[in-house]
Amino acid sequence: MKPPVHNPAIAYRPEVDGLRALAVLPVILYHAGFELFSGGFVGVDVFFVISGYLITAIIYREIQDGTFTVARFYERRIRRLYPAVTAVTLVCLPFAWLLLLPSEFKEFLFSVASVQVFASNLYFWQESDYFGSAAELTPLLHTWSLAVEEQFYLVFPFALILFRRLSLRMLLALLALVALASLALAQELVDSHASASFFLLPTRAWEMLAGSLLALGMHESGSNRRWFGNLAALAGVGLIGLAVFLFHAGTPFPGVYALVPVAGTMLIIAYATRETLVGRVLSLRPLVFIGTVSYSAYLIHQPLFAFTRIYTMRSLTLPLVLGMVGLTFVLAYLSWRFIENPFRQRRNIERHALFSTAATLSTFLFVFALAAAFQNHRVLQYEARLESEQERALAMIEESERTPELEKGYCVFEADRLDPATRQRLQNCHAAFGSGLVVIGDSHGENVYHALAQEDDRRFLFSLNQKGCRAGADSQWCAYDSFYRFAIERPHIFDNVIYNQAGFYLLETPRGREMTRARISEDAHTVFKPNSEDVEKTLDYLDSLSEVANVVWLGPRVEPHIMPREYVVNGCASPPEVRENLLQSFENLDRHIDRAVSRRGRIEYVSTVELIDVTDGDNLIDCKNIYFHDGDHWSPAGERKFGRMLEKELQVLRD
């Protein structure tokens, strides 16, 4: 098999370093909280393509030359990645010990352990939401992308060796099929298992394979196509910009939408040579410098922002954010100069010493982190500084996690799917007890069901609540359409429907950007406005249900979005205050929905804004219970307390 006529990946290309700058800057600015860069997370996808392109070019050339060895390949990977990520992890440990709550520190230790075995993406897949408010407070969340890369390169070199005798055309076809299968899987899971689609290798492999296909398929272009190269490279920049500025946390990702930044990156790599405008711009020294230190900058920025947010407990001011961005690159340069570069030089540390040192240190960190995570002694500096009321608040926070699913009987139950068994169970309950009451919505609706199930004596109460699912949302995974069809087919199985959802999803920024938990938790000043389009979509759905049952929209609660740490600092007898901008935002939303429901006149609206007054600190925490276990969900104690209020307010609960 003959290699391509020309493969620019072999020689150094400053424009590729400039492209790295286009990848890392949006990621940093996204995590800094700049609304303009709402899709900055796609910088990781740019990195994936660059990685696949460069490494495939090197592996393929060495395989064809007969010089490739597995040991040398992994030596290069260790020299490139291990020293800096280990240094950042070690620096994070004392800050975590000083600042984190016990449960947070335990989660941090688990993330440290997972980093050592290239499995942090698997850990965060199970434990985190990349777009949630907690993500901004998770120091090592960003290491998921390193884990995906390393898992890919545990397999990919051996695949190239195995198929080395194939013709280049056949190899390209094979890799293209695998990439298409990976993309199809990502698109299939992006609705039903969004976290898996985001974090796992099988749904991300196609992005690195896109770079691989580019490396294997590139040939030298003639000078008569320079005009086309200029246009293609500009189009590539435009596609990346489109994703960075228009994508947001609600964009289904990384399915087909990820094709936008991936295709943009491929166009830039393929056509942004020094003869093109884009190539010359990307080769400018400031961009090349940022690209050169981009790996360290990527590693440093997330823990820097996370620990600063944890320490301040408030939104970051613009001067502070800009200062941290600048500090990120200062520290990144120092990391590149004194950690990355020295370890890349074989004269400084031989291969055997490199392997043995990395293995020993990783083993130590893995064992130490797990051992510390499972011990129950009070060792954290944070705990040692607490007074009695603060200790009581901390104890309640540690105990406030969700209890197991609540079921009071065969016909008082919850499900997240209308599968055949659930349908049959509902019909049996209807036959036994007549028409029932159903609570539908997202995880807030699940709170309402738990609250009502503990207070109500109905014999037929059903909950169909799916986390992240709201009426009117474009998601094939959500069960709203199937529930509507079921209700139409059996019009008397439910006599009353209660709908409840998280209110922040019905808000938007003054610029019309979609709301996220991270944004609403971070922004201490903006009064967010109702998203009229989403309110109307929700009403369209609820109005359709009113054909077969009495429908009540139980209005969104005021969400305090108070960090657990704030409760601890204030102590259980002095609850923190809900921010004024949040009160105004949810009050405005409540009035907007009330008016919209009144105009249509088909369903009933019940407000919870005044019913559950979060300006009364006793509805947040007292020295007996804490009533919110995070920024917007009720704790089990909150479900019991607010359930009593709801039972009195909702007339439909009474037979």
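The values are calculated or read from the model by the stated rules, or taken from the named source; none is laboratory data. Predicted model only: the values in this text are computed from it and were never measured. Methodologically, a virtual Cβ is constructed for each residue, glycine included, from the backbone with ideal geometry; neighbour enumeration extends over all protein chains shown.
Key figures for this structure:
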| read-out | value |
| --- | --- |
| Within the range 241-259, tally of residues that are at pLDDT 95 or above and touching an Asp or Glu at 6+ places or on another chain (Cβ under 9 Å) | 2 |
| Exclusive hit being closer than 27 Å to PRO564 by Cβ and in the same structural domain as ARG76 (by TED's automatic domain parsing), set ALA159, ALA181, ALA173, ALA134 | ALA134 |
| Matching residues, the range 596-643, being under 20 Å from TYR499 (Cβ atoms), of a type in the set (S, T, N, Q) and buried (at least 18 other Cβ atoms within 10 Å of the Cβ) | SER607, THR608 |
| So ALA87, is it over 18 Å from GLU207 (Cβ atoms) and part of a helix (DSSP H, G or I) | yes |
| Pairs, first in the same structural domain as PHE462 (by TED's automatic domain parsing) and closer than 24 Å to ALA451 by Cβ in the range 412-437, second hydroxyl-bearing (Ser, Thr, Tyr) and not in a loop (DSSP other than H, G, I, E, B), C-beta under 6 Å, six or more apart | GLU414/TYR449; GLU414/SER463; ALA415/THR422; LEU418/SER482 |
| Residue within the range 47-70 that is under 18 Å from the mean Cα position of the chain (by Cα), hydroxyl-bearing (Ser, Thr, Tyr) and surrounded by 22 or more Cβ atoms within 10 Å (Cβ to Cβ) present | no |
| Boolean, ALA393 is part of a helix (DSSP H, G or I), of a type in the set (Gly, Ala, Ser) and modelled with pLDDT of 95 or more | no |
| Matching option when the condition is farther than 30 Å from TYR271 by Cα and in contact (Cβ under 8 Å) with a residue 40 or more places away in the chain, among LEU54, LEU101 | LEU101 |
| Qualifying residue in the range 556-569 (condition: assigned to a loop (DSSP other than H, G, I, E, B) and over 26 Å from HIS31 (Cα atoms)) | yes |
| Members of the range 612-639 that are in contact with a helix residue (DSSP H, G or I) (Cβ under 7 Å, 6 or more places away or on another chain) and modelled with pLDDT under 90 | GLY631 |
| Pairs with Cβ under 7 Å, 6+ apart, first in the range 498-510 and in a strand (DSSP E or B), second of a type in the set (S, T, N, Q) | LEU507/ASN531; LEU507/SER585; GLU508/ASN531 |
| Criterion: in contact with a Leu (Cβ under 8 Å, 6 or more places away or on another chain), among the aromatic types (Phe, Trp, Tyr) and in a strand (DSSP E or B) - qualifying residue of PHE462, PHE486 | PHE462 |
| Test set (1) surrounded by 13 or more Cβ atoms within 10 Å (Cβ to Cβ); (2) touching a Pro at 6+ places or on another chain (Cβ under 7 Å) - ARG351 fails condition number | (2) |
| Residue pairs meeting the criteria (Cβ under 6 Å; at least 6 apart or on separate chains; first closer than 18 Å to ALA524 by Cα and modelled with pLDDT of 90 or more, in the range 556-581; second assigned to a helix (DSSP H, G or I) and of a type in the set (Gly, Ala, Ser)) | HIS561/SER521; TYR567/ALA393; PRO575/GLY617 |
| The range 306-321: number of residues that are among the aromatic types (Phe, Trp, Tyr) and in a loop (DSSP other than H, G, I, E, B) | 0 |
| Any pair with Cβ under 7 angstrom, 6 or more apart, that starts in the range 512-534 at a residue that is under 18 Å from LEU29 (Cα atoms) and ends at one that is in a strand (DSSP E or B) and not small (Gly, Ala, Ser) | GLU514/GLU508; MET515/LEU507; MET515/GLU508 |
| Residues that are out of contact with any helix residue (DSSP H, G or I) (no Cβ under 8 Å at 6 or more places or on another chain) and either surrounded by 15 or more Cβ atoms within 10 Å (Cβ to Cβ) or farther than 26 Å from SER114 by Cβ (or both), drawn from the range 358-371 | PHE368 |
| In the range 570-593, the residues that are in contact with a helix residue (DSSP H, G or I) (Cβ under 7 Å, 6 or more places away or on another chain), in a helix (DSSP H, G or I) and surrounded by fewer than 23 Cβ atoms within 10 Å (Cβ to Cβ) | HIS592, ILE593 |
| Subset of the range 291-311 that is touching a Ser or Thr at 6+ places or on another chain (Cβ under 9 Å) and of a type in the set (Phe, Trp, Tyr) - its residue that is nearest to ALA84 (Cα to Cα) | TYR295 |
| Subset of the range 408-454 [part of a loop (DSSP other than H, G, I, E, B) and over 21 Å from LYS641 (Cα atoms)] | TYR410, CYS411, ASP416, ARG417, LEU418, ASP419, GLY434, SER435 |
| Yes/no for ARG511 being surrounded by fewer than 21 Cβ atoms within 10 Å (Cβ to Cβ) and more than 27 Å from ARG458 (Cα to Cα) | yes |
| Unmet criterion (only one of (1) crowded, with 18+ Cβ neighbours inside 10 Å; (2) over 20 Å from VAL42 (Cβ atoms); (3) polar (S, T, N, Q)) for SER294 | (2) |
